[in-house]
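What follows is one structure encoded as structure tokens, with my remarks underneath.
The values are calculated or read from the model by the stated rules, or taken from the named source; none is laboratory data. Values in this document were obtained by computation on a predicted structure and should not be read as measured data. No Cβ is skipped: glycine too gets one built from the backbone with ideal geometry, and neighbour counts run over all protein chains shown. Surface accessibility is based on the protein's heavy atoms, side chains included, excluding ligands, DNA and RNA. Shrake-Rupley method; radii C 1.70, N 1.55, O 1.52, S 1.80 Å.
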Amino acid sequence: MIIETERLYLREMTEADYPDLCEMIQDEETMYAYNGAMSDRESREWLERQLARYERYGFGFWAVCLKETDEMVGQCGLTMQPWQDTEVLEIGYLLKKKYWHRGYATEAAVACKKYAFEVLGAEEVCSIIRDTNTASQRVALRNGMTKQDSWVKHYRGVDMPHDRFVVRKSAKDSE
């Protein structure tokens, strides 16, 4: 276990999580901000990318699990992402559709922000969100972030406008 919250715990994903991951990222509605569901090949690459991130950085998207049942309900974590001419530390989150609107994304994202500041010593963390993804934008706002800038990312053959929501470490985060 990497992070524990009131209702959740976050841990590294493993090969055993592949079916749960596919339930999430192969769902058209869940993946609307990514321009549609992922194929089996893309899903396998997604998992392999997370495992490689754990090795390279010591973090990545983690499995979000319910304490009550140990079920994987989504993924949330920290990744290094390209943004314009630099690389930024991002909090990303994605939940299975049946677990939307229960506050899990916010709970996990807030815990990841705390981890970034307290464990990694980050001064700033962001969430990069497609301009049409209002649900994720609301999570970023609840996580204390404000919209800072915009950029068009080219992903899966499509130009997608994205907004970057940012929060800086404050004095109270250091206490």
With +1 on the Cβ of every Lys and Arg and -1 on the Cβ of every Asp and Glu, the dipole magnitude of the chain about its Cα centre, in debye rounded to the nearest 20, is 460 debye
Row for the chain, column shape: gyration tensor on C-alpha, a ≥ b ≥ c, rounded if a/c < 1.5 i.e. under 1.5, prolate if a/b over b/c, else oblate; value rounded
Which shape class, rounded, prolate or oblate, goes with the stretch 72-162 when its Cα gyration tensor gives a ≥ b ≥ c as root eigenvalues, a/c under 1.5 marks rounded, and past that a/b bigger than b/c marks prolate? oblate
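How far, in nm, would the chain grow between residue 32 and residue 5 when pulled straight, counting 0.36 nm per residue and subtracting the alpha carbon separation? Before the final figure, lay out each step's value.
Working: separation 27, 0.36 × 27 = 9.72 nm, distance 2.77 nm.
Difference between extended and current length: 7.0 nm.
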First select every other residue whose beta carbon is under 14 angstrom from the beta carbon of residue 17; then total the charges, Lys and Arg +1, Asp and Glu -1. -3
R0 of 25 Å, Cβ-Cβ distance residue 101-residue 71: FRET efficiency to nearest 0.05: 0.90
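At a 1.4 Å probe radius, carbon and sulfur cover how many percent of the accessible area of the stretch 73-175? Walk me through the numbers on the way to the answer.
On the way: 2500 of 5040 Å².
Accessible surface attributable to carbon and sulfur in the stretch 73-175 totals 50 percent.
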What is the distance, in nm, between label points placed 7 Å from the Cα along the Cα-to-Cβ direction at residue 23 and at residue 120? 2.7 nm
Assuming a ≥ b ≥ c are the square roots of the Cα gyration tensor eigenvalues, decide whether the stretch 15-76 counts as rounded (a/c under 1.5), prolate (otherwise, with a/b larger than b/c) or oblate. oblate
Which of 104, 58, 93 sits closest to the plus end of the dipole of the stretch 54-175, meaning its Cα is farthest towards the positive end, when Lys and Arg get +1 and Asp and Glu get -1 on the C-beta? 104
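Grab the DSSP H runs of the chain that are 4 residues or longer, score each as -39,500 (n - 2.57), total them, divide by all residues and round the 222 nm result to the nearest 500 deg cm²/dmol. Before the final figure, lay out the partial values.
Numbers: 4 runs with 50 residues, N = 175.
My calculation for the chain gives -9000 deg cm²/dmol from helical runs alone.
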Of all lysine pairs in the chain that are eight or more residues apart or on different chains, those with Cα atoms under 15 Å apart total 4
